[in-house]
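To start, the structure under review is shown below, and the notes come after it.
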Amino acid sequence: MISLKQLTKVYGRGPDAVTVLDRLDVEVASGEILAVVGPSGAGKSTLAQCINLLERPTSGQVVVNGEDLSGLPEHRLRVARRRIGTVFQSASLLSRRTAAENVALPLEYLGVTPAEAKARVAELLERVGLSHRAHHYPFELSGGQRQRVGIARALALRPSVLLSDEATSGLDPETTRSVVSLLRQLRDDLDLAVVFITHEMDTVLHVADSAARLDRGRIVEQGRLVDLLTDH
Ligand code: ADP
Ligand code: ADP
């Protein structure tokens, strides 16, 4: 599970200081999908970067499975990052690598043996329903298939948290539905805590168990999706 405790990010100093995230308290249990929605400028990208430890919060904590990762020294961050897999908008695959080679990337960096990596990649591609596309290049894949490869890559290091950063933005509704249903399947099969960041309210209705609405760096509404829906 992941919890954000009083997570705050301030850019700049003194009179130029801008508070982009203001004391966010959020908790996502294993086996749960939390959607974070908000308009452009709300702080979603900054939040994503704090969660995947690319940015350090100004104050507050990012706690994964009981350990505060936000305060770790630089040399321990590399290992800590394995606990969080990130799926990016438009998948961000390497174009000169096949689907299988893209999924293998995080394993290569880790120095996993080729035989082990091969078995792991085959398993991951099967999980996302793409075994038959293993040796295709990104340009030979549909948008939804590319995103599935991105999801498999994000899972390569067996994270406990999956961060989806606008992963379905730009996909057509049908493809979005299939990616969302895969995420829900993975949430169940792998007991993942999924943080699903999006500006698309419609998608939230299909994907999430609970939702938090971010506006100008603050959470203005948070709860089980059913409760949020009946309020309006
Ligand atoms: P979103 O992803 O929801 O559009 P962002 O996290 O990109 O929101 O940005 C939230 C706010 O923080 C914006 O007003 C943006 O201008 C500001 N911001 C983002 N990054 C920086 C930075 N490095 N320095 C100063 N302000 C920033
Ligand atoms: P590095 O792993 O050295 O930070 P990149 O940032 O280029 O290298 O990551 C390459 C890909 O590996 C990313 O797109 C990401 O999906 C995946 N990846 C990186 N770190 C992790 C992690 N902790 N868990 C799962 N996947 C990861």
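The values are calculated or read from the model by the stated rules, or taken from the named source; none is laboratory data. Keep in mind it's a predicted model, so treat the numbers as computed, not measured. All Cβ positions, glycine included, derive from the backbone under ideal geometry; neighbour counts span all protein chains shown.
Please work out if Val64 is surrounded by 18 or more Cβ atoms within 10 Å (Cβ to Cβ), in contact with a helix residue (DSSP H, G or I) (Cβ under 6 Å, 6 or more places away or on another chain) and closer than 25 Å to Thr8 by Cβ.
Yes.
Any residue that is part of a loop (DSSP other than H, G, I, E, B), among the hydrophobic types (A, V, I, L, M, F, W, C), in contact (Cβ under 8 Å) with a residue 12 or more places away in the chain and closer than 13 Å to Gly85 by Cα - is there at least one of those in the stretch 122-137? Quick ask: steps written out before the conclusion?
Keep residues of the stretch 122-137 that are part of a loop (DSSP other than H, G, I, E, B), which gives 128-130, 134-137.
Now restrict to residues that are among the hydrophobic types (A, V, I, L, M, F, W, C): 128, 130, 134.
Filter once more, keeping what is in contact (Cβ under 8 Å) with a residue 12 or more places away in the chain: 128, 130, 134.
If we keep only those that are closer than 13 Å to Gly85 by Cα as well, we get none.
Among the residues of the stretch 122-137, not one is part of a loop (DSSP other than H, G, I, E, B), among the hydrophobic types (A, V, I, L, M, F, W, C), in contact (Cβ under 8 Å) with a residue 12 or more places away in the chain and closer than 13 Å to Gly85 by Cα, which makes the answer no.
Kindly check whether there is at least one residue in the stretch 171-184 that is outside any strand (DSSP E or B), within 16 Å of ligand 1 (Cβ to nearest atom) and in contact (Cβ under 8 Å) with a residue 24 or more places away in the chain.
The answer is no; no qualifying residue exists.
Residue check: is Pro57 away from ligand 1 (no atom under 12 Å from the Cβ) and buried (at least 18 other Cβ atoms within 10 Å of the Cβ)?
yes
Just a yes or no: is a residue in the stretch 185-201 modelled with pLDDT under 95, away from ligand 1 (no atom under 16 Å from the Cβ) and not in a strand (DSSP E or B)?
Checked the stretch 185-201: no residue is modelled with pLDDT under 95, away from ligand 1 (no atom under 16 Å from the Cβ) and not in a strand (DSSP E or B).
Working carefully through the options Val36, Val26, Val20, find the one that is within 16 Å of ligand 1 (Cβ to nearest atom), out of contact with any Lys or Arg (no Cβ under 7 Å at 6 or more places or on another chain), of a type outside the set (D, E, K, R) and in a strand (DSSP E or B). Steps first, please.
Numbers: Val36 fails: out of contact with any Lys or Arg (no Cβ under 7 Å at 6 or more places or on another chain); Val20 fails: out of contact with any Lys or Arg (no Cβ under 7 Å at 6 or more places or on another chain).
Every option except Val26 fails the conditions.
Within the stretch 73-99, count every residue that is out of contact with any strand residue (DSSP E or B) (no Cβ under 6 Å at 6 or more places or on another chain), assigned to a helix (DSSP H, G or I) and closer than 15 Å to Ala154 by Cβ.
Residues in the stretch 73-99 being out of contact with any strand residue (DSSP E or B) (no Cβ under 6 Å at 6 or more places or on another chain), assigned to a helix (DSSP H, G or I) and closer than 15 Å to Ala154 by Cβ: 3 in total.
Only one of these conditions is not met by Gly71: (1) more than 16 Å from ligand 1 (Cβ to nearest atom); (2) more than 19 Å from the chain's Cα centre (by Cα); (3) within 22 Å of Gly223 (Cβ to Cβ); (4) among the small types (Gly, Ala, Ser). Which number is it?
(3)
Here are the criteria: (1) free of Cβ contacts under 8 Å to residues at least 12 places away in the same chain; (2) surrounded by fewer than 16 Cβ atoms within 10 Å (Cβ to Cβ); (3) away from ligand 2 (no atom under 12 Å from the Cβ). Tell me which single one Val112 does not satisfy.
Result: Val112 passes all but (2).
For Leu163, state whether it is surrounded by 22 or more Cβ atoms within 10 Å (Cβ to Cβ) and at pLDDT 95 or above. Please lay out each step first, then the result.
Numbers: surrounded by 22 or more Cβ atoms within 10 Å (Cβ to Cβ): yes; at pLDDT 95 or above: yes.
For Leu163, the condition - surrounded by 22 or more Cβ atoms within 10 Å (Cβ to Cβ) and at pLDDT 95 or above - is met.
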